[in-house]
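Notes to accompany the following structure.
The values are calculated or read from the model by the stated rules, or taken from the named source; none is laboratory data. Because the structure is a prediction, the values reported are computed rather than measured. Neighbour counts run over all protein chains shown; Cβ positions are idealised from the backbone, glycine included.
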Amino acid sequence: MIAIVLSRKDSGESDQIISFFTEEFGKVEALAKGVKKIVGKNSSFLETACLVDAEIIKGKAVNRVASVCLIDLFKNIRTDFTKLALCGYAVKSIEILTEQNERDKNIFNLLKSFLEFLDFEKSVYTSCLQAAFILKFFSMLGYEPELKRCVVCGIGLDAEKKNGFYASGGGVICVECAQEKINVGENFVFCEKKDVESLASILKTDWKLINGSELSKTAMECVKNFIGYRSERRIGSFEKFAELAKIS
Ligand SMILES: [Zn+2]
């Protein structure tokens, strides 16, 4: 099956558990026997973020990797720290926030297109791509941020007034409802309509255009709050994402 390697962890002396995101079945974990002993081609094909055609034999308790054929190593990602960091962030977000055997071809295609873009593009810039990847990914998980209407009262946003981004409510909030949230001590980010529009635009745009765009400080703050809330902080701080680049 066509799959992207998400992670690998040791199991015993010579085996590893490989986590794949497959086109057909979503996330699948499988045991690769003897993979640490053999410095063979199968082993290097199981590096994180490789696109592979893997033969996985489903088992009652454990699945087993029977063979692996490399389709794309995305070699330009591996020699560029920024690309590696973005790739690590994307792969680990998917690893952490998806369940096994939940088929989602959109998520597979999102990751594949992101890796292809990182591999192909000469220079990449982090923050906008990182924000766009995660917003697109969350939308596929069913958490698309509401960017048109107040998540509390439902009215359309007033361009003349300052609005808010209310992460725990899942999107934008009007000034009146924001005032009520202030009174009860809840958190949100004050933002302009253009900040909200820039978020709506990166959700729809392709990687190349996103790479050439910039998000305002306020828009970035909205994204960070949203990710923190939606992932229950499981994917770590946005600033420290480079740590996620330590992929094996
Ligand atoms: Zn409202």
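Figures for the structure shown
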| item | result |
| --- | --- |
| Residue, farthest from the ligand (Cβ to nearest atom), within region 199-221, restricted to residues that are over 19 Å from the mean Cα position of the chain (by Cα) and part of a helix (DSSP H, G or I) | 217 |
| Filter pass, residue 10 being assigned to a strand (DSSP E or B) and either within 14 Å of residue 71 (Cα to Cα) or at pLDDT 95 or above (or both) | no |
| Residues satisfying the stated conditions in region 113-150, i.e. of a type in the set (D, E, K, R) and under 21 Å from residue 167 (Cβ atoms) | 136, 144, 146, 148, 149 |
| Of residues in region 153-173 being touching a strand residue (DSSP E or B) at 6+ places or on another chain (Cβ under 6 Å) and among the hydrophobic types (A, V, I, L, M, F, W, C), the one farthest from residue 97 (Cα to Cα) | 157 |
| Filter result for the condition that a residue is within 30 Å of residue 142 (Cα to Cα), in the same structural domain as residue 140 (by TED's automatic domain parsing), in contact with a strand residue (DSSP E or B) (Cβ under 9 Å, 6 or more places away or on another chain) and not in a helix (DSSP H, G or I), over 95, 29, 24, 102 | 102 |
| Among residues of region 158-187, those that are in contact with a Lys or Arg (Cβ under 6 Å, 6 or more places away or on another chain) and assigned to a loop (DSSP other than H, G, I, E, B), counted | 1 |
| Options 142, 88, 154, 170: the member that is away from the ligand (no atom under 14 Å from the Cβ), on the phi > 0 side of the Ramachandran plot and surrounded by fewer than 21 Cβ atoms within 10 Å (Cβ to Cβ) | 142 |
| Failed item, numbered, when residue 68 is tested on (1) over 27 Å from residue 12 (Cβ atoms); (2) surrounded by 17 or more Cβ atoms within 10 Å (Cβ to Cβ) | (1) |
| Number of positions in region 157-167 that are away from the ligand (no atom under 13 Å from the Cβ) and touching a residue at least 40 places away in the same chain (Cβ under 8 Å) | 1 |
| Filter result (in contact with a helix residue (DSSP H, G or I) (Cβ under 6 Å, 6 or more places away or on another chain) and part of a loop (DSSP other than H, G, I, E, B)) within region 126-144 | 143 |
